1. Using Cβ contacts closer than 10 Å as the measure, can you line up M182, M384, M290, M148 from fewest to most?
2. Past 31 Å, Cα to Cα: identify those pairs from K135/K339; K183/K237; K177/K257; K90/K135; K205/K237, in the order given.
3. May I ask you to compute the full-extension gain from Q128 to L207, defined as 0.36 nm times their residue separation minus their alpha-carbon distance, rounded to one decimal in nm?
4. Cα centroids of the range 388-415 and the range 174-228: how far apart, whole angstrom?
5. May I ask what percent, to the nearest 5, of DSSP beta bridges between residues of the range 189-342 are antiparallel?
6. For the range 189-202, take each phi angle, set θ = phi - 60°, evaluate the Karplus expression 6.51 cos²θ - 1.76 cosθ + 1.60, and give the result in whole Hz per residue in order, putting x for glycine and proline.
7. What is the log10 of I(q)/I(0) for the range 167-414, computed with the Debye formula using one identical point scatterer on each Cα and no solvent, at q = 0.08, 0.13, 0.17 Å⁻¹?
8. Given points 7 Å out from each Cα along the Cα-Cβ axis, report the I252 to S174 separation in nanometres with one decimal.
Amino acid sequence: MRHHDGRAGAASSSTSSTTSSPLSDTGAPTRSWVSIVAPRHNEAEVTGESTHKRPEGEQVGENHDDADTERPKRKRKHRKGTHAIRKEEKERLLEEMEILQQEMAALKKRAIDPTFPADRFVRKSRRQILREGVKGNMETFCRALSIMSDYTLCNLQAGTPLQEKIVLNRDSESRFKTLQAMKERKIKNAQRFLKMRCSNLDPCKTLSEDQRFETDSGGFCSAHFAIMQFEGALSVKQVFDLVIFYFSNMEISVSEKLETLVTVRENDDDSTIEGITQNYLMSTTTNRGMRMESNTIMFSEFCERDDIPCADRGYGIVVSEFVDVDERYPYRSNERVRKDVNGVIEVRAYNRPRAGEDGEEGEEVVVVMTRWVQNTLHRPEFPMAVEGWRELRHSMDSWGLLLHRTLLESLHSHT
C-alpha cells in the first residue's frame, strides 16, 4: 500500500512540472497559458467586478476634454451664383424698359389727341396717389355729410329726444302736480342725451355748432350746440346760480342788451317752485313791430356728485321744454308767431392740465357749461311780409346767444 502512494506522489509532481509556465518565477504561483491568453472579462467574472457603463457624471468628466477640442461644423449658406444674379437683374430691367416704352407711347398719343386716356398706361407718383386718396376720402365724407344733414332735418322735424307733450290746466294745484311728476324723468333724459352727444368731445376745449334750415311745413328751425369754459369762475354753484337768475329775469336782460327786440313777461305770477319755472314771454321787433311769443317750462336741479373726479363736485342742470297747451296762457296764433324752445344746459367742473411757472405740469379745475338748444319758429297763420318773416328768423336765437355774454359780465363784476 505504501508503495502505491509513492508512485502516485511521483506522478503528481511530474504533472505539475510540465504544466507550469516557463515565464513564471520559481517562487510565484504557477499559471496556465490559458489564463494568460484568456480575455480580461473572465477575470472580472471571477473577482465579481462589474463591466457595465459608468455613471453619467464620470463619463462627462472623462469626455470633457474631447468635447472642448471638437468644434461644431458650421452650416454654409447657399449663395446665388453671379450669373444667376445678373440674369434676374436683366429680366427686371427688361420689364421696366417695356413699361417705360408703353408710357412713352401713351404720352405721344395724348400729345396728338388730348382725349386719349393716357392715365391708364402712365404710372402715378406716390404723392399723386396719396393726394387722390385724400381727395376721394373728402368726397365720400361730403356725401355722407349731405345724407346726415337730410337725416337731421327729418329727425328734428319729427321732434327732439327731449321733447315731451305738456298740457297745463287753469288751476295752480293741477299745474304744479303735472310739472312735478315729469321733472325727474326730464332731467334723467337730458343727462342721458348730453352723455351721448359729448361722448367723443373734449370738454376743456371750446366748441360751437349751428344749424338753421326751413322745415317742410314752412317754419324755420335752428339748433345750437356749444361747450364753453369759464376761467374766472369760483365754483360750479356760482355759474349755476347765474344761469338760473338769467332765465328768471330773461326779459330784462334781452330788452336792455338787444336794441332790435323788446321782451315782456306775461305770466306775472310767481311760478318758480322747487326748481320749476315758467316763462311766458312776448317779444316785439323794433323795426317792423313783428310779435313773437313763447311758453317754456324750465326744470333745474343742483347736487353734489361723487362720480365727478374734481375738487368741486357740484353738478347743475337746466332742462327747457315748450308747453303744447296752456289753459291759463293760451297761444294767440292769429296775432303772434309761435316759437318753441327745447334744450338743456349742464354746468360742472373738469380737471385740465396746466403748466406751472417752474415748468412742471399740473392740473387746474375749470368750470364748463355745455348747452344744446333747438328753436322752432312756426309759420304764422296770418299774412306776413317777407321782410318781417326774415326779421323774426334773425332774432329767434338772440335769447340764448345772449346768455354767454351775460354770464361773463356777471362773473367779471363779482371778481
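1. Ordered from fewest to most neighbouring Cβ atoms within 10 Å, M182, M384, M290, M148 come out as M148, M384, M182, M290.
2. Beyond 31 Å between Cα atoms: K135/K339; K177/K257; K90/K135.
3. Here the segment from Q128 to L207 would lengthen by 25.0 nm.
4. 17
5. For the range 189-342, the DSSP antiparallel bridge percentage is about 95.
6. So the J values, rounded to whole Hz, are 5, 5, 5, 5, 5, 5, 5, 6, 5, 10, 4, 10, 10, 8.
7. Values returned for q = 0.08, 0.13, 0.17 Å⁻¹ are -0.34, -0.86, -1.38.
8. Spacing of the two 7 Å Cα→Cβ label points: 3.3 nm.
Every number here is computed from the coordinates shown, using simple stated rules; none is lab data. None of these values were measured; they are calculated from a predicted model. A quick note on method: Cβ atoms are made from the backbone with ideal geometry, for glycine too, and the neighbour counts reach across all protein chains shown.
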